[in-house]
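Trainee: My structure is below; once you've seen it, I'll send some questions.
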Amino acid sequence: MREDDLDIVEIILSNIPQNSEIQKRIKLYIETHKSNCNDYIYTKYRKESIYFNSIFKTLRTGLGSEIVRTLNRKGML
C-alpha cells in the first residue's frame with residue numbers, strides 16, 4: 001500500500017454492521033490488525049486494489065471538476 005492509496009480496510013470497517021457478537025468481534029479484529037489487513041488486500045488483490053484506487057481517484061477528480069464548473073457558472077468563485 002502506497003501513501004496515496006485508499007485505506008480500503010477503513011472503508012470496509014465503516015460498512016461492517018454490528019448486529020451480532022460475531023460482527024463486533026470481526027470488526028475489533030480488523031481494527032486491531034488494520035495494517036496487516038491492508039497489506040493482505042493490497043497483496044492478494046493487487047489488480048483489484050489498483051482498479052479501485054483508480055476508479056475512486058477518477059470519481060473524486062470528476063466530481064471536484066463538476067463542482068468547480070457549477071460554482072463558477074453561478075458566480076460563486
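Trainee: Restricting attention to region 18-43, which residues are without any contact (Cβ under 8 Å) to a residue 24 or more places away in the chain and among the aromatic types (Phe, Trp, Tyr)?
Mentor: If the condition is that a residue be without any contact (Cβ under 8 Å) to a residue 24 or more places away in the chain and among the aromatic types (Phe, Trp, Tyr), then TYR29, TYR40 are the ones that fit.
Trainee: Only one of LEU63, LEU71, LEU77, LEU13 is open to solvent by 100 Å² or more (accessible area, probe 1.4 Å) and not in a loop (DSSP other than H, G, I, E, B); which?
Mentor: None of the other options fit; the residue is LEU63.
The values are calculated or read from the model by the stated rules, or taken from the named source; none is laboratory data. Please read all numbers here as calculations on a predicted model, not as lab measurements. Cβ coordinates were reconstructed from backbone atoms using ideal geometry, including for glycine residues, and neighbour counts include every protein chain displayed. Ligands, DNA and RNA are stripped out before the accessible areas are found, and what is left, the full protein with its side chains, is counted by its heavy atoms. Shrake-Rupley method; radii C 1.70, N 1.55, O 1.52, S 1.80 Å.
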